[in-house]
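Reading through the structure tokens given below for one structure.
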Amino acid sequence: MPKTKKTSNSKRTSMIAGSIRRLYNKSAPLLICEALLFGVAAVLMFIKPVAVLTALTFVIGVALVLFGLYRTIAGFLVSRDMGGGWFDVVFGLVNVVLGVLFCIYPVGSVVSLVYIFVLLFLFKALRALIFSINMIRAKFGHYWFDLIMSLVLIALAVFLLVYPVAGAVVMIYYLAISLLLYAAADIYMYIELLKLKRLV
């Protein structure tokens with residue numbers, strides 16, 4: 001009986017070891033390649049943020065053109081069969097036009113996008129200011145902190161309205177930091193998998 005138990009335990013151990021080795025063989029190359037790709041992309045974003053931003057805008061433009069063509073063709077097919085789909089056609093054509101503009105005028109397109117986001121940001125900051133003023137009137141909560149934060153947000157929004165390219169570059173730096181964190185996470189997972197493989 002003990003011999004049977006010992007045999008079943010060793011069988012289970014060898015099965016676990018085999019599955020861990022298979023997991024390592026499948027995941028390790030992917031983790032290393034992903035970490036290298038993210039790391040190189042992040043370094044390029046730090047070194048040449050404007051060039052990366054231009055390339056990213058071009059990629060977005062191509063994606064918009066392809067998506068617009070798909071929606072336009074789908075809209076024509078639907079409109080022929082069911083008597084509808086004109087909204088898809090118009091929406092698709094608008095996407096195609098936007099995609100072409102993104103490809104031809106990458107910097108101008110990014111600046112326009114930044115302006116849209118900054119205006120939304122400014123609207124939110126003004127709402128925060130009104131809220132903090134109401135809190136001051138009611139003398140409730142941390143109203144001075146709310147007031148300072150809302151004023152800082154408004155100042156930041158005004159700065160980005162004056163210098164929109166700076167906002168776009170900041171977005172690229174934020175993306176670069178995110179990619180570096182993903183690369184670090186991949187390396188950590190690879191090291192843990194390597195430790196697990198050595199254990200078994």
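In table form, for the structure just shown:
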item	result
Residue tally, condition of a type in the set (A, V, I, L, M, F, W, C) and open to solvent by 80 Å² or more (accessible area, probe 1.4 Å), over the stretch 174-190	4
Residue in the stretch 36-54 that is at pLDDT 85 or above, over 30 Å from Tyr190 (Cα atoms) and surrounded by 18 or more Cβ atoms within 10 Å (Cβ to Cβ) present	no
From the options Ser109, Ser132, Ser150, residue that is among the polar types (S, T, N, Q), under 30 Å from Gly68 (Cβ atoms) and touching a residue at least 12 places away in the same chain (Cβ under 8 Å)	Ser109
Lone qualifier among Gly99, Gly85 - being modelled with pLDDT of 85 or more and either farther than 30 Å from Pro164 by Cβ or touching a helix residue (DSSP H, G or I) at 6+ places or on another chain (Cβ under 8 Å) (or both)	Gly99
Counted residues, the stretch 166-188 - those being modelled with pLDDT of 80 or more and in contact with a helix residue (DSSP H, G or I) (Cβ under 7 Å, 6 or more places away or on another chain)	8
Residue in the stretch 55-78 that is most open to solvent (accessible area, probe 1.4 Å), counting only those that are touching a residue at least 40 places away in the same chain (Cβ under 8 Å) and in contact with a helix residue (DSSP H, G or I) (Cβ under 6 Å, 6 or more places away or on another chain)	Phe58
Selection status of Val97, touching a residue at least 60 places away in the same chain (Cβ under 8 Å), in a helix (DSSP H, G or I) and open to solvent by 80 Å² or more (accessible area, probe 1.4 Å)	no
Residues of the stretch 176-200 satisfying the condition of being within 21 Å of the chain's Cα centre (by Cα) and charged (D, E, K, R)	Asp186
Total residues in the stretch 149-173, condition among the small types (Gly, Ala, Ser), surrounded by 17 or more Cβ atoms within 10 Å (Cβ to Cβ) and under 15 Å from Leu126 (Cα atoms)	2
Among the candidates Met135, Met149, Met189, residue that is in contact with a His (Cβ under 9 Å, 6 or more places away or on another chain), more than 30 Å from Gly75 (Cα to Cα) and assigned to a helix (DSSP H, G or I)	Met135
In the stretch 139-165, residue nearest to Thr57 (Cα to Cα) [restricted to those that are hydrophobic (A, V, I, L, M, F, W, C) and at pLDDT below 75]	Val165
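The values are calculated or read from the model by the stated rules, or taken from the named source; none is laboratory data. This structure is a prediction, so every number in the text was calculated from the model and none was measured. Cβ coordinates were reconstructed from backbone atoms using ideal geometry, including for glycine residues, and neighbour counts include every protein chain displayed. Protein only, heavy atoms only, side chains kept; ligands, DNA and RNA dropped before computing areas. Shrake-Rupley method; radii C 1.70, N 1.55, O 1.52, S 1.80 Å.
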